[in-house]
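S.K.: Pasting a structure here, questions to come.
The values are calculated or read from the model by the stated rules, or taken from the named source; none is laboratory data. Keep in mind that this is a model prediction, so the values were computed, not measured. Positions of Cβ are generated from backbone atoms using ideal geometry, with glycine treated the same way; all protein chains shown enter the neighbour counts.
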Amino acid sequence: MTLDEARPLVGAIEAGGTKFVCAVGTGPGDLVRAEFPTSRDPSVVLTSVVNWLEGQQGERGVLRAIGIGSFGPLDLHPRSPSFGFITSTPKPGWRNTDIVGAVQSTFADVPVAFDTDVNAAALGERRWGNGVGLSDLVYVTIGTGIGAGALVGGRLVHGLVHPEMGHMLLPRLPDDTFPSVCPFHGACWEGLCSGPALLARTGLPPEQIAADHPAWALETHYTALALANLALVLSPQRIILGGSVRKAGLLGSERFFQMLRNRFQSELGGYLASPVVAEGIDSFIVAPMLGDDAGVCGAIALALSALASGEQGGGS
Ligand code: ZN
């Protein structure tokens, strides 16, 4: 096996709410990248992305596969007529956008893997980060929205559509009269705890919220409830929490995680009978090892998985 075969060159697209991050490389250590704002017309964004990927081919070789991790909702069913589309998003202009088709119009013979941004990040963390060696893990992001991806028994969960854990319905604290920022739900995790919810609660972007602001107690209370529900339903070996909000402004990431872990344990009341949750809580709820690169590295991991499953004659 040559070096090129051992470390194939692949492309990645992390389609986010504010920007598309594209990268070409073989893994986290050698990525060349570019960014394009999502606010432009989708056809302009996708043309820029595809042209950039095409232009990276040359000295380093050709792209063997491309992975796309996208904001949703998405159609992930290969036999559906709208497979590869961003479907019913409220994001202006992006409703019913054929993102896989746009990539395949140029890269017709290249395997393209398509999944949620959070499923991609879960896969990236398992390949290179805090999920190495685990078969069951949840990757959560709290930022512009809240989403989570899951590996269960070593496989990414898709199901009927794909999980929408960020819209998990939560019981409100009795004195919390804040109106949810989610247009669909009066009290879901995203509606109560996303970056825009924190901004609306406090008048400040999360990075400027003071350490002693009561918003952090609310944030960690609701997020602990949501993570406890995820632990009870999916039985993950670890929960990785990424996104911008966990950096927690003037409170700091370390104190935010400690508050969150304490609330998580107290909500579960000792019920989950595992030393991982009891004594090992500091390594049960953790930040992503890949940091802010979890998404784009996840899209690289998606591409490598597509390549591997194609070479085995499979794919799913
Ligand atoms: Zn919601």
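Quick grid of which residues meet (1) surrounded by fewer than 24 Cβ atoms within 10 Å (Cβ to Cβ); (2) polar (S, T, N, Q):
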{"position": "95", "(1), (2)": "yes, no"}
{"position": "104", "(1), (2)": "yes, yes"}
{"position": "112", "(1), (2)": "yes, no"}
{"position": "118", "(1), (2)": "no, no"}
{"position": "162", "(1), (2)": "yes, no"}
{"position": "187", "(1), (2)": "yes, no"}
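S.K.: For the stretch 156-177, enumerate the residues that are within 14 Å of the ligand (Cβ to nearest atom) and more than 19 Å from the chain's Cα centre (by Cα). Break it down stepwise before answering.
M.R.: From the stretch 156-177, those within 14 Å of the ligand (Cβ to nearest atom) are 163-170, 172; that's our starting set.
Within the stretch 156-177, 169, 170, 172 meet the criteria.
S.K.: Let me ask something else. Which is among the small types (Gly, Ala, Ser) and within 16 Å of the ligand (Cβ to nearest atom), of 211, 228, 187? I'd like the intermediate steps shown before the answer.
M.R.: Values: 211 fails: within 16 Å of the ligand (Cβ to nearest atom); 228 fails: within 16 Å of the ligand (Cβ to nearest atom).
Of the residues listed, the single one that is among the small types (Gly, Ala, Ser) and within 16 Å of the ligand (Cβ to nearest atom) is 187.
S.K.: Would you tally the residues in the stretch 130-155 being more than 14 Å from the ligand (Cβ to nearest atom) and outside any strand (DSSP E or B)? Spell out how you get there, then give the answer.
M.R.: Our first condition is that a residue be more than 14 Å from the ligand (Cβ to nearest atom); within the stretch 130-155, this holds for 130-141, 143, 149-155.
Imposing the further condition that a residue be outside any strand (DSSP E or B) reduces the set to 130-136, 143, 153-154.
The number of residues fulfilling the criteria is 10.
S.K.: From the list 199, 241, which residue is crowded, with 18+ Cβ neighbours inside 10 Å and either assigned by TED's automatic domain parsing to the domain that holds residue 147 or within 16 Å of the ligand (Cβ to nearest atom) (or both)? Give the derivation first.
M.R.: Values: 199 fails: crowded, with 18+ Cβ neighbours inside 10 Å.
Among 199, 241, only 241 is crowded, with 18+ Cβ neighbours inside 10 Å and either assigned by TED's automatic domain parsing to the domain that holds residue 147 or within 16 Å of the ligand (Cβ to nearest atom) (or both).
S.K.: When you scan the stretch 199-316 for helices (runs of 4 or more DSSP H) that lie fully inside it, which ones turn up with 3 or more residues that are free of Cβ contacts under 8 Å to residues at least 24 places away in the same chain and not polar (S, T, N, Q)?
M.R.: Details: elements: 214-234, 253-268, 275-278, 294-311.
Output list reads 214-234.
S.K.: For the condition surrounded by fewer than 15 Cβ atoms within 10 Å (Cβ to Cβ) and in contact (Cβ under 8 Å) with a residue 40 or more places away in the chain, what is the one hit in 70, 88, 135?
M.R.: Numbers: 70 fails: surrounded by fewer than 15 Cβ atoms within 10 Å (Cβ to Cβ); 88 fails: in contact (Cβ under 8 Å) with a residue 40 or more places away in the chain.
Selected residue: 135, the only one of 70, 88, 135 that is surrounded by fewer than 15 Cβ atoms within 10 Å (Cβ to Cβ) and in contact (Cβ under 8 Å) with a residue 40 or more places away in the chain.
Yes or no, residue by residue, for (1) surrounded by 13 or more Cβ atoms within 10 Å (Cβ to Cβ); (2) in a helix (DSSP H, G or I):
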{"residue": "14", "(1), (2)": "yes, no"}
{"residue": "17", "(1), (2)": "yes, no"}
{"residue": "20", "(1), (2)": "yes, no"}
{"residue": "43", "(1), (2)": "no, yes"}
{"residue": "54", "(1), (2)": "yes, yes"}
{"residue": "76", "(1), (2)": "yes, no"}
{"residue": "79", "(1), (2)": "no, no"}
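S.K.: Can you pull out the residues in the stretch 162-174 that are in a loop (DSSP other than H, G, I, E, B) and out of contact with any His (no Cβ under 9 Å at 6 or more places or on another chain)?
M.R.: Within the stretch 162-174, the first condition is being in a loop (DSSP other than H, G, I, E, B), and the residues that meet it are 162-164, 168, 170-174.
162, 163, 164, 168, 170, 171, 172, 174, listed by residue number.
S.K.: Could you list, in sequence order, all residues of the stretch 5-32 that are of a type in the set (Lys, Arg) and farther than 14 Å from residue 63 by Cα?
M.R.: Within the stretch 5-32, the first condition is being of a type in the set (Lys, Arg), and the residues that meet it are 7, 19.
Passing the criteria: only 19.
S.K.: Just the residues that are under 18 Å from residue 125 (Cβ atoms), modelled with pLDDT of 95 or more and out of contact with any Leu (no Cβ under 8 Å at 6 or more places or on another chain), please, taken from the stretch 248-279.
M.R.: 253
S.K.: Considering only the stretch 244-265, I want to know if a residue exists there that is within 16 Å of the ligand (Cβ to nearest atom) and surrounded by fewer than 22 Cβ atoms within 10 Å (Cβ to Cβ).
M.R.: no
Residues are listed down the side, and each one gets a yes or a no for (1) at pLDDT 95 or above; (2) more than 24 Å from residue 14 (Cα to Cα); (3) out of contact with any His (no Cβ under 7 Å at 6 or more places or on another chain); (4) assigned by TED's automatic domain parsing to the domain that holds residue 274:
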{"position": "134", "(1), (2), (3), (4)": "yes, no, yes, yes"}
{"position": "176", "(1), (2), (3), (4)": "yes, yes, yes, yes"}
{"position": "180", "(1), (2), (3), (4)": "yes, yes, yes, yes"}
{"position": "188", "(1), (2), (3), (4)": "yes, yes, no, yes"}
{"position": "209", "(1), (2), (3), (4)": "yes, yes, yes, yes"}
{"position": "214", "(1), (2), (3), (4)": "yes, yes, yes, yes"}
{"position": "221", "(1), (2), (3), (4)": "yes, yes, yes, yes"}
